[in-house]
Amino acid sequence: KSWTRKVDLPLSNEKYLQSFLSSEPEAFGSGHRLFRWNRSLESSQISERLKLAQKVSISFYPKNIKVVSRGSSGRVTSLKIIGNNGSEILLKLDDIRRVFRQLPSTLFVVKEVKEGKWMFSGGGFGHGAGMSQAGAIELAKLGWTTKQILSHYYPKTQYGFLPE
C-alpha cells in the first residue's frame, strides 16, 4: 500500500474534504477502526455537553451547526452552534474537542440527518501534525525500521540523535 490516489486540495474546501473522507482509503493504517468514523449526536446531547463546558445557559437547544473555518489539513478550527433562541456559540480549536469528546478528531463534516440529530463523519484520531500513528504501527509490523518510518512521514528530515 501507498498513497497513490490524487487528493484534491486544499482539504479546507468542504467538497474536497467530503470526497476525501468518503473515498476508498489507500494509506498505511487504513485498517484502523478510527481511520474513518461516524458519530451520531442528538441535540440534547450537544446541549448537555455545552452546559457542562459552561458555554450556554440551561435553556439553550441547538438548532443548527456550521463549520466556520478549517485549517489546510481540513480540520475544523471554528464551529458555530446556533440555538433555539437565536443565540450563537462559537467554538474554536481545542474547545471543539473539549465539548465534543465523542469525536476522535476535528477532521470531520457535519450534517443534520433529521430534526435534532446530527451526523459527524470524519477521519483519524490525532492532531494532524504529520505522522499517522496507525500508519506507523502498520509499517513497523511490515518490518520497516524507525528511520524508514520517520523518513516516510517526514521526507527531507535528517535522522539522528541529539548529543546528551
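The values are calculated or read from the model by the stated rules, or taken from the named source; none is laboratory data. Source: prediction; values computed, not measured. In this analysis, Cβ positions are derived from the backbone assuming ideal geometry, glycine residues included, and neighbour counts consider all displayed protein chains. Please note that ligands, DNA and RNA were not included when accessible areas were found on the heavy atoms of the full protein model with its side chains. Shrake-Rupley method; radii C 1.70, N 1.55, O 1.52, S 1.80 Å.
Just one of G126, G130, G116 is modelled with pLDDT of 90 or more, open to solvent by less than 60 Å² (accessible area, probe 1.4 Å) and of a type outside the set (S, T, Y); which is it?
From the options G126, G130, G116, the qualifying one is G116.
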| said: Quick check on the range 32-39. Is at least one of its residues closer than 11 Å to G83 by Cβ and outside any loop (DSSP other than H, G, I, E, B)? | reply: no
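Every residue, every condition in (1) within 19 Å of the chain's Cα centre (by Cα); (2) under 28 Å from G135 (Cβ atoms); (3) exposed (fewer than 13 other Cβ atoms within 10 Å of the Cβ), yes or no:
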{"position": "K15", "(1), (2), (3)": "yes, yes, yes"}
{"position": "P25", "(1), (2), (3)": "yes, yes, no"}
{"position": "R49", "(1), (2), (3)": "yes, no, no"}
{"position": "Q54", "(1), (2), (3)": "no, no, yes"}
{"position": "L79", "(1), (2), (3)": "yes, yes, no"}
| Cβ pairs under 9 Å, 6+ apart, first in the range 6-29 and farther than 17 Å from F125 by Cβ, second at pLDDT below 80 and small (G, A, S) | E26/S2
| task | Exactly one condition in (1) within 14 Å of F120 (Cβ to Cβ); (2) open to solvent by 80 Å² or more (accessible area, probe 1.4 Å); (3) not charged (D, E, K, R) is not met by Y61; state its number. | result | (1)
| field | Yes/no for V109 being closer than 30 Å to M131 by Cβ and either aliphatic (A, V, I, L, M) or open to solvent by 20 Å² or more (accessible area, probe 1.4 Å) (or both) | value | yes
| field | Matching residues, the range 106-164, being in a helix (DSSP H, G or I) and either among the hydroxyl-bearing types (S, T, Y) or within 21 Å of K15 (Cα to Cα) (or both) | value | T146, S151, Y153
| message | I'm told V56 meets every condition in (1) part of a loop (DSSP other than H, G, I, E, B); (2) within 19 Å of L17 (Cβ to Cβ); (3) in contact with a helix residue (DSSP H, G or I) (Cβ under 6 Å, 6 or more places away or on another chain) except one. Can you identify the failing condition by its number? | response | (2)
| query | With respect to the numbered conditions (1) in contact with a helix residue (DSSP H, G or I) (Cβ under 9 Å, 6 or more places away or on another chain); (2) touching a residue at least 24 places away in the same chain (Cβ under 8 Å); (3) within 30 Å of S47 (Cα to Cα); (4) not in a loop (DSSP other than H, G, I, E, B), which one is the sole condition not fulfilled by S78? | reply | (2)
| request: Could you tell me whether any residue of the range 113-121 is touching a Phe, Trp or Tyr at 6+ places or on another chain (Cβ under 7 Å) and closer than 21 Å to Q18 by Cβ? | output: yes
